[in-house]
Amino acid sequence: MAEDQTKRKFYLTTPIYYANSRPHVGSAYTTIACDVIARYKRMCGYDVAYLTGMDEHGVNIERAAEKQGISEQELVDRNCKIFQDLWTLLGISNTHFIRTTSGKHARGVQELIRRTRRVSPDAIFKRKYEGRYCIYDNLYVSDSPEPANCPTCGRPAELVSEENYFFRLSAYQEKLLDLYKQNPQFVVPDFRFNEVKSFVESGLKDISISRKSIKWGIPWPDDPEHVFYVWYDALTSYMTGIGFGSAGEKDRAEFARYWPADIHAMGKEIIRFHAVYWPAFLMAAGVQLPKQIVAHGWLLFEQEKMSKSKGNVAYPEPIVKAFDELTGAKVGNDALRYYLLRETVFGQDGNFSREALIARYNADLANGLGNLASRTLTMISNYCGGVIPDAHTGAGPFSKSYTDFIGAFSEVSLQIILEAYDVFGFAGAILSIWELIASADRYLVLEKPWALASESARRDELERVLYAAAESIRFVTILAHPVIPDATEKIWHQLGLPGSVASQRIDRVLDADRKLLPGTHIRKPEGVFPRIDKKEALERIEAMENEIRNSGSSRSGAAQPRATEATSGSGTSGAAATAAQPGTSGQAAATAATGATLATPPAPAANTKISIEDFAKIELRVGVVKSAEKVQGADKLLKLLVDIGDEVRQVLAGIALAYQPEQLVGRKVVIVANLAPRKLRGQESNGMLLAASDGADGKPVLCTFAEDIMPGAKVK
Ligand code: MSP
């Protein structure tokens, strides 16, 4: 709630996250980026409301719960807790958190539709819908019953044929185009805005905003056979999260204060919902529109979007915890935040790599800021009795390196950094701040305070150098705080400064009355970013990731496990071939046609019987091969994407000598769906295909089906 009504308000939101699985680094990216903006705006003097939350309805939740044999509520409660724990771990400073299964949210959604009917009686109507719907992206893919794949995730869309409530989106085309014209910054970056405009210019179709065949949703007022289309429900959370729809005095005041949102931030794949549907829904209800939609790119993992369905996810918790444990200091959160924002240009796609993260940490945080702070404070401790010395700015002569150095910490540098933050230019802001750190390092090297300390006649010079260096640390600490909140608070404390960095005004960092006061007692200097060993860190991260995967919390019809490195052999050596698991020699046997066979335990002896319970532990499912390609440098391996009904799995199979990739697309296969994943040739394999081989030439023959059968069906 508003801490100070005299301040200007600023309201920003993340998308609310699908509660069908746990978060990955890609999900954390949006939340971290918004957190930096929230912290930055507070440091500019705004009263910030920052909302995040959970998107907990829809058919994907229904199915994921069913698959796990638990209720929908249990599933979303469980995942919500994992998200909230992660936001705590990452120091996310959200002021509000909304869950779409909460009663207050449901009331708000129903209120918005009632209001729409009052304000625009023609906007909502009922008619039969027949078309294809993607349950993973909650997207109406096509208005025809013909089979179609989702343009976002590539999976086959499901047939929907039912009577629905529709929103007359077609009536809002001109109004939307007018909105875009009046607000040239309504969507950023520009190139995304152009895509939005072209989409609207090409004509808008009315959209269905209710579903009848789904139960897990918010009931339509006066017609509870229908539940709200999950995107109508989810978008409205931006209002219900700050009190819309509540009768309570406090909620109403809060909504009045913070709405409309200043920024809705999100990944590029969901702009259309925010920049087209959402403003149209609000226009129809006579509600003020959000001011800006900001879209970022994707985090890629090995050149593909990091996503649950592709099974190429990295989790944030192991990274943060491994850094904390190995350094014995709370550095993991800053390390991850810094890396994500420094390495990618916001708005564009960026690659995620653990190796690069560790390298950045050691180079920029440990050797960069950490080293500057600890050597400066240690010198103040050793040469000045732990007291900030006099600045000696009154009388020269001033060396050129001093004037250059002071010049770098100028109003111009400050404005460049503030402007970068203002437009989500995180990488640019960081780059400029780290240039200042480099200039402070250079200054110390040139002035050599450690040498000055041995010449008593040059005491004033020594003090001038150390004061300037300490002052530069104060400056940098404030500017870098939104990105690395933990370490900057520690440095602030060590500088002997009162209060917190978070409470400083970032735009007033150069004001004369905010400079370090000579005579201030610093506190004991301690390294804020201890160096980390790359090999140790990678091993620790991988071990923790495996724990997550084995705990089952990455399941959902969702996050796929990332495999451990194969223990022996390689695709080229033939170790990954299907023939690795023949049955008793000379006998035809069904076998697992994937590199994952490498670590399969030895088959039981031919005459050992297993119980039906043992067999039931193996989850066999029908899969349809969506794509197949060779794996570079491994002549027996093919990389397949296999649709198993509620997700698409990446499987590496040792069948390249028996099948051409093109032969396999569309083929029905049997997949062992609950096998622990493996990593082969640096790539994930999440499951095994069954194949038979007769031992003669060892060539695998894939198990398939003669009759029609849906992907995902159980084989038993
Ligand atoms: N529930 C909807 C949003 C409703 S908002 C009214 C949704 N949820 S999501 O969990 O799939 O995605 C949430 C956010 O995470 C989106 O901004 C999405 O772009 C972001 N990311 C998910 N994977 C990502 C990457 N690999 N990289 C960067 N961001 C990604 O969509």
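The values are calculated or read from the model by the stated rules, or taken from the named source; none is laboratory data. These numbers were taken from a predicted model, which means no experiment stands behind them. Reconstructed Cβ throughout: ideal geometry from the backbone, glycine too, with neighbour counts over all protein chains shown. When the accessible area is computed, the model is the full protein with side chains, heavy atoms only, and any ligands, DNA or RNA have been set aside. Shrake-Rupley method; radii C 1.70, N 1.55, O 1.52, S 1.80 Å.
Of Ile209, Ile214, Ile218, Ile242, which residue is touching an Asp or Glu at 6+ places or on another chain (Cβ under 8 Å) and over 14 Å from Lys104 (Cα atoms)?
Ile214 is the lone residue from the list that is touching an Asp or Glu at 6+ places or on another chain (Cβ under 8 Å) and over 14 Å from Lys104 (Cα atoms).
So how many residues does the range 311-341 have that are buried (at least 20 other Cβ atoms within 10 Å of the Cβ) and closer than 22 Å to Ala480 by Cβ?
16
Is it fair to say Glu62 is open to solvent by 10 Å² or more (accessible area, probe 1.4 Å), touching a Lys or Arg at 6+ places or on another chain (Cβ under 8 Å) and modelled with pLDDT under 95?
yes
So if I check each of Ile242, Ile207, which one is surrounded by fewer than 23 Cβ atoms within 10 Å (Cβ to Cβ) and within 16 Å of the ligand (Cβ to nearest atom)?
Ile207
If the requirement is being out of contact with any helix residue (DSSP H, G or I) (no Cβ under 8 Å at 6 or more places or on another chain) and assigned to a helix (DSSP H, G or I), which of these qualifies: Ala451, Ala438, Ala468?
On inspection, the qualifying residue turns out to be Ala451.
I'd like the residue in the range 413-452 that is surrounded by fewer than 17 Cβ atoms within 10 Å (Cβ to Cβ), of a type outside the set (D, E, K, R) and more than 39 Å from the chain's Cα centre (by Cα) and, out of all such residues, is farthest from Thr30 (Cα to Cα).
Ala451
Filter the range 380-401 down to the residues that are part of a helix (DSSP H, G or I), within 20 Å of Leu517 (Cβ to Cβ) and open to solvent by 20 Å² or more (accessible area, probe 1.4 Å) and list them by number. Let's see the steps before the verdict.
Initial filter on the range 380-401 (part of a helix (DSSP H, G or I)): 380-383, 400-401.
From the residues that got through so far, the ones that are within 20 Å of Leu517 (Cβ to Cβ) too are 380-381, 383.
Within the range 380-401, Ser381, Tyr383 meet the criteria.
Test Ile406 against the criterion of being assigned to a helix (DSSP H, G or I) and under 30 Å from the mean Cα position of the chain (by Cα), and give yes or no. Steps first, please.
Numbers: assigned to a helix (DSSP H, G or I): yes; under 30 Å from the mean Cα position of the chain (by Cα): no.
Taking the combined requirement at face value, the residue does not satisfy it.
Looking at Ser27, Ser21 in this structure, which one is near the ligand (Cβ under 10 Å from one of its atoms), part of a helix (DSSP H, G or I) and crowded, with 23+ Cβ neighbours inside 10 Å? Write out each step before concluding.
Numbers: Ser21 fails: part of a helix (DSSP H, G or I).
Exactly one of Ser27, Ser21 is near the ligand (Cβ under 10 Å from one of its atoms), part of a helix (DSSP H, G or I) and crowded, with 23+ Cβ neighbours inside 10 Å, namely Ser27.
Return yes when Ile430 is within 30 Å of Asp262 (Cα to Cα), out of contact with any strand residue (DSSP E or B) (no Cβ under 8 Å at 6 or more places or on another chain) and either touching a residue at least 24 places away in the same chain (Cβ under 8 Å) or not hydrophobic (A, V, I, L, M, F, W, C) (or both) and no when it is not.
So Ile430 fits the description; yes.
Can you tell me which residues in the range 261-286 are of a type outside the set (Gly, Ala, Ser), within 15 Å of the ligand (Cβ to nearest atom) and not in a helix (DSSP H, G or I)?
Answer for the range 261-286, where residues must be of a type outside the set (Gly, Ala, Ser), within 15 Å of the ligand (Cβ to nearest atom) and not in a helix (DSSP H, G or I): Ile263, His264, Met266.
Answer yes if at least one residue in the range 68-77 is modelled with pLDDT of 95 or more, within 23 Å of Glu269 (Cβ to Cβ) and within 16 Å of the ligand (Cβ to nearest atom), and no otherwise.
Within the range 68-77, one or more residues are modelled with pLDDT of 95 or more, within 23 Å of Glu269 (Cβ to Cβ) and within 16 Å of the ligand (Cβ to nearest atom).
Among the listed residues Tyr40, Tyr50, Tyr46, Tyr18, identify the single one that is under 29 Å from Gln292 (Cβ atoms), among the hydroxyl-bearing types (Ser, Thr, Tyr) and touching a Pro at 6+ places or on another chain (Cβ under 9 Å).
Only one candidate qualifies: Tyr40.
Could you pull out the residue among Phe191, Phe199, Phe186 that is over 30 Å from Ile61 (Cα atoms) and open to solvent by 30 Å² or more (accessible area, probe 1.4 Å)?
Residue meeting the stated conditions: Phe191.
When you go through (1) touching a Phe, Trp or Tyr at 6+ places or on another chain (Cβ under 8 Å); (2) more than 16 Å from Gln494 (Cβ to Cβ) one by one for Gly370, which number turns out not to apply?
(2)
Whether any residue in the range 225-238 is in contact (Cβ under 8 Å) with a residue 12 or more places away in the chain, more than 16 Å from the ligand (Cβ to nearest atom) and charged (D, E, K, R) is what I want to check.
yes
Can you go through Ser307, Ser353 and tell me which one is within 16 Å of the ligand (Cβ to nearest atom), open to solvent by 20 Å² or more (accessible area, probe 1.4 Å) and outside the structural domain of Pro485 (by TED's automatic domain parsing)?
Of the residues listed, the single one that is within 16 Å of the ligand (Cβ to nearest atom), open to solvent by 20 Å² or more (accessible area, probe 1.4 Å) and outside the structural domain of Pro485 (by TED's automatic domain parsing) is Ser353.
For Leu340, are the conditions met, namely being more than 30 Å from Lys9 (Cβ to Cβ) and either without any contact (Cβ under 8 Å) to a residue 12 or more places away in the chain or in a helix (DSSP H, G or I) (or both)?
no
Can you confirm whether Ile70 is touching a Gly at 6+ places or on another chain (Cβ under 6 Å) and open to solvent by 10 Å² or more (accessible area, probe 1.4 Å)?
When the stated conditions are applied, Ile70 does not pass them.
I need the strands (runs of 3 or more DSSP E) fully contained in the range 115-173, keeping only those with at least 2 residues that are assigned by TED's automatic domain parsing to the domain that holds Leu282 and more than 16 Å from the ligand (Cβ to nearest atom).
Once the strands (runs of 3 or more DSSP E) in the range 115-173 are filtered for at least 2 residues that are assigned by TED's automatic domain parsing to the domain that holds Leu282 and more than 16 Å from the ligand (Cβ to nearest atom), what remains is 124-134, 158-167.
Return the total of residues in the range 40-75 being among the β-branched types (Val, Ile, Thr) and under 21 Å from the mean Cα position of the chain (by Cα).
Residues that pass the stated criteria total 2.
For Leu652, indicate whether it is open to solvent by less than 10 Å² (accessible area, probe 1.4 Å), more than 29 Å from the chain's Cα centre (by Cα) and of a type in the set (A, V, I, L, M, F, W, C).
no
Keeping to the range 75-97, report how many residues are touching a strand residue (DSSP E or B) at 6+ places or on another chain (Cβ under 6 Å) and open to solvent by 40 Å² or more (accessible area, probe 1.4 Å).
3
Would you call Gly248 away from the ligand (no atom under 16 Å from the Cβ), open to solvent by less than 10 Å² (accessible area, probe 1.4 Å) and without any contact (Cβ under 8 Å) to a residue 40 or more places away in the chain?
Against the criterion (away from the ligand (no atom under 16 Å from the Cβ), open to solvent by less than 10 Å² (accessible area, probe 1.4 Å) and without any contact (Cβ under 8 Å) to a residue 40 or more places away in the chain), Gly248 does not qualify.
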